[in-house]
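Novice: If you scroll down you'll find the structure; I have some questions about it.
The values are calculated or read from the model by the stated rules, or taken from the named source; none is laboratory data. Note that the coordinates shown come from a computational prediction; the quantities given were computed from them, not determined experimentally. All Cβ positions, even for glycine, are placed from backbone atoms using ideal geometry, and neighbour counts span all protein chains on display. All accessible areas refer to the heavy atoms of the entire protein, side chains included, with ligands and DNA or RNA removed. Shrake-Rupley method; radii C 1.70, N 1.55, O 1.52, S 1.80 Å.
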Amino acid sequence: MKITALAGGIGGARFLRGLREHLQGRGDDWAGAEITVIGNTADDITLFGLRVCPDLDTVMYTLGGGIHEEQGWGRSDETFGVSAELAAYEVPPDWFTLGDRDIATHIVRTQMLRAGWSLTDVTAALCDRWQPGVRLLPMSDDPVETHVVVAGDDASREAVHFQEWWVREQARRPALEFVFLGAAEAKPTAAVLDAIHGADVVLLPPSNPVVSIGAILQVVGVGDALRAATAPIVGVSPIIGGRPVRGMADACLSAIGVETAAAAVAGHYGARIAGGLLDGWLVANQDASTAGPPGVVQRSHPLLMTTRGEAAGLAGAALDLALELRH
Ligand code: FO1
């Protein structure tokens, strides 16, 4: 059996680790299901000449056992010698911390890219070491970068790289618009399209619906492939009781005019029968009374993933809903 999931950063990675652990505990033939992850690469940034892929690395490290668990990004047992030396040379930026171990990943990735390897093949090579137990695919081998349009000082508009807005500014200046540079020219890889076409189940974890899942959907062809998929598509709300579980999904949703509410996010993804993506939608118990778009089967389940057991339980509930919806 094949499960395909679109994933962004921390929430997506924890959900996927939960899904892998849930499958190990199942007694049916889903226990051996293969998981393919289509990872967001629009957060990627080049720093000090190195290509950094935050969302791919968060999935790889989280499922491979190398993640800094509390942070949800970067490596465990990190040291920051290189970063300190760069600061001593006053070489910017100092607002995006790269640990020494993490830098090794970016060096390997950058030199392989420079040698002509595709990001898909580089990611597979890095995963050879980490053995995440899923197939991790970048959404495209072509560059896509999310830039955020904010209000400048004199009421002008200014675009900054997503990481600068997210990390350096902590979204202090409200996002007026998200621009996915390169998305119109980027192609989903054949592996991505096969993973969607061949899936028995497709899951949308509780990643940021605008800059993570949303960025993947910006790659021309991915949305159409999902809408045409024979697999049921089940999403998990990243919003509980009007607030994002983590991160700044609210700051992103307001920029695209979507209310920070589980039902509104479901409406944003749209119901499959109305040309959207969702067949099923998991919401938190406190949102059980709010209805998503007609045609989407909604179930409520605790959405917090503070423990690995909770993440496995949530992933199991999402899979069970998908199995209920399989024709
Ligand atoms: N997030 C921060 O808030 N501060 C950082 O200094 C930072 C560094 C960093 C380095 C590598 C990496 O893979 C991720 C990093 N992140 C950092 C997180 C990153 O901004 C987010 O995980 C994603 O881009 C959002 O999904």
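Novice: With a Förster radius of 45 Å, plug the Cβ-Cβ distance of A288 and E185 into 1/(1 + (r/R0)^6) and report the FRET value to the nearest 0.05. Display every interim value, and only then the final one.
Specialist: On the way: r = 42 Å, r/R0 = 0.94.
Plugging the Cβ-Cβ distance into 1/(1 + (r/R0)^6) gives 0.60.
Novice: Continuing with this model, one more query. Take R26, project a point 7 Å from its Cα along the Cβ direction, then tell me which residues of region 195-214 have their backbone nitrogen under 11 Å from it.
Specialist: What the label zone holds, given the 11 Å backbone N cut-off, is 200-202.
Novice: A further question follows. Using amide H atoms built 1.01 Å from N in the peptide plane, name the residues 5+ places from L6, or on other chains, whose amide H lies under 5 Å from its own.
Specialist: Long-range HN contacts for L6: I38, L203.
Novice: So for region 177-327: antiparallel DSSP bridges make up what percent, rounded to the nearest 5?
Specialist: Working: 2 of 13 bridges.
Close to 15 percent.
Novice: If the convex hull of the alpha-carbon atoms of region 55-98 is projected onto planes in all directions, what is the mean projected area in square nanometres?
Specialist: Working: hull surface 13.4 nm².
Result: a mean projected hull area of 3.4 nm².
Novice: Leaving out ligands, DNA and RNA but keeping every protein chain, what accessible area does K187 have, in Å² rounded to the nearest 10, with a 1.4 Å probe?
Specialist: 130 Å²
Novice: Using only alpha carbon positions, build the gyration tensor of region 1-140, then give the equivalent ellipsoid semi-axes as the square roots of 5 times its eigenvalues, largest first, whole angstrom.
Specialist: On the way: eigenvalues 172, 53, 26 Å².
Semi-axes, largest first: 29, 16, 11 Å.
Novice: Treating region 160-211 as a set of equal point scatterers at the Cα positions, no solvent, please give the Debye-formula log₁₀ I(q)/I(0) at q = 0.15, 0.20, 0.26 Å⁻¹.
Specialist: Debye intensities relative to I(0), on a log10 scale: -0.67, -0.91, -1.07.
Novice: I would also like to ask the following. Please give the contour-minus-distance gain from D128 to K2: 0.36 nm per residue of separation, less the Cα-Cα distance, rounded to one decimal in nm. Walk me through the numbers on the way to the answer.
Specialist: Working: separation 126, 0.36 × 126 = 45.36 nm, distance 2.03 nm.
Fully extending the segment from D128 to K2 adds 43.3 nm.
Novice: Determine the gain in length on full extension of the stretch R173-S156; use 0.36 nm per residue of separation and subtract their C-alpha separation, reporting nm with one decimal. Please list the in-between numbers first.
Specialist: Values: separation 17, 0.36 × 17 = 6.12 nm, distance 1.25 nm.
Length difference between fully extended and current span is 4.9 nm.
Novice: Hey, how much of the P(r) for region 29-77 falls beyond 16 Å, as a percent of Cα pairs?
Specialist: Details: 598 of 1176 pairs.
Percentage above 16 Å: 51.
Novice: Let me ask something else about it. Exactly which GluC sites (Glu not before Pro) in region 219-327 are in a DSSP loop and have at most 16 other Cβ atoms within 10 Å?
Specialist: Those that pass, being in a loop and sparsely packed, are E259.
Novice: What is the Cα radius of gyration of region 155-279 over 2.2 N^0.38 Å, N being its residue count? Let's see the in-between values first.
Specialist: Working: Rg = 15.3 Å, N = 125, 2.2 N^0.38 = 13.8 Å.
Cα Rg divided by the expected 2.2 N^0.38 Å: 1.11.
Novice: Still on this model: Can you compute the FRET efficiency between R101 and R308 using 1/(1 + (r/R0)^6), with r the Cβ-Cβ distance and R0 = 22 Å? Round to the nearest 0.05. Mind showing how you got there, number by number?
Specialist: Details: r = 22 Å, r/R0 = 1.02.
Computed FRET efficiency for R101 and R308 comes out at 0.45.
Novice: Normalise the Cα radius of gyration of region 91-167 by 2.2 N^0.38 Å (N = residues in it) and let me know the number.
Specialist: Working it through for region 91-167, the quotient is 1.42.
Novice: Filter the trypsin sites (Lys or Arg not before Pro) in region 152-194 down to the DSSP loop ones having no more than 15 other Cβ atoms within 10 Å, then list what survives.
Specialist: On the way: sites: R157, R168, R172; in loops: R172.
Sites meeting the loop and neighbour criteria: R172.
Novice: Over region 56-108, what is the relative contact order in whole percent, taking alpha-carbon pairs under 8 Å and six or more residues apart?
Specialist: Relative contact order here is 29 percent.
Novice: Now, a different point. Considering only DSSP beta bridges whose two residues both sit in the chain, what percent are antiparallel, to the nearest 5? Could the numbers behind the result be given before it?
Specialist: Values: 18 of 42 bridges.
Within the chain, antiparallel bridges account for around 45 percent of the total.
Novice: Tell me the GluC sites (Glu not before Pro) within region 13-70 that lie in a loop according to DSSP and have at most 15 other beta-carbon atoms within 10 Å.
Specialist: On the way: sites: E21, E34, E69, E70; in loops: E69, E70.
Taking region 13-70 and a limit of 15 other Cβ atoms within 10 Å, the loop GluC sites (Glu not before Pro) found are E69, E70.
Novice: Considering only the other residues whose Cβ falls under 14 Å of the Cβ of H327, what net charge follows from Lys and Arg at +1 and Asp and Glu at -1? Could the numbers behind the result be given before it?
Specialist: Numbers: positive: R272, R326; negative: D200, D279, E324.
Within the 14 Å Cβ shell, the charges total -1.
Novice: Pairs of alpha-carbon atoms within less than 8 angstrom and 6+ residues apart define the contacts here; what relative contact order does region 40-194 have, in percent?
Specialist: Numbers: 233 pairs, mean separation 35.9, N = 155.
Here the relative contact order equals 23 percent.
Novice: Convex hull over the Cα atoms of region 134-173, averaged projected area in nm²?
Specialist: Numbers: hull surface 15.9 nm².
Projected area, direction-averaged: 4.0 nm².
Novice: Continuing with the same structure: Based on the Cα coordinates of the chain, what is the per residue volume of their convex hull in Å³? Let's see the in-between values first.
Specialist: Details: hull volume 42.6 nm³, N = 327.
Hull volume normalised by residue count: 130 Å³.
Novice: Net charge near D200, counting Lys/Arg +1 and Asp/Glu -1 over other residues with Cβ under 11 Å of its Cβ? Write down the numbers at each step before the final one.
Specialist: Details: positive: K2, R326; negative: D29, E34.
Within the 11 Å Cβ shell, the charges total 0.
Novice: Could I ask something else about it? Please state, to two decimals, what the Cα-based radius of gyration of region 226-327 comes to when divided by 2.2 N^0.38 Å (N = residues). Show your work: numbers first, answer last.
Specialist: On the way: Rg = 13.2 Å, N = 102, 2.2 N^0.38 = 12.8 Å.
Its radius of gyration relative to the 2.2 N^0.38 Å reference: 1.03.
Novice: What nm value, rounded to one decimal, do you get for the distance between R114 and L323 when each label is placed 7 Å out toward the C-beta?
Specialist: With each label placed 7 Å out from Cα toward Cβ, I get 4.9 nm.
Novice: With all protein chains present, how much of the accessible area of region 77-153 (probe radius 1.4 Å) comes from carbon and sulfur, to the nearest whole percent? Mind dumping the intermediate values first?
Specialist: Numbers: 2190 of 4090 Å².
C and S fraction of accessible area: 54 percent.
Novice: Starting from the Kirkwood radius over alpha-carbon pairs of region 254-294, derive D by Stokes-Einstein at 37 °C in a medium of 0.692 mPa s and give it in µm² s⁻¹.
Specialist: Working: Rh = 10.5 Å.
The calculation lands on 312 µm²/s.
Novice: Moving to a separate point now. Show the residues, 5+ positions off or on another chain, whose built amide H is closer than 5 Å to the amide H of A271.
Specialist: Placed amide hydrogens put G276, L277, L278 under 5 Å from A271.
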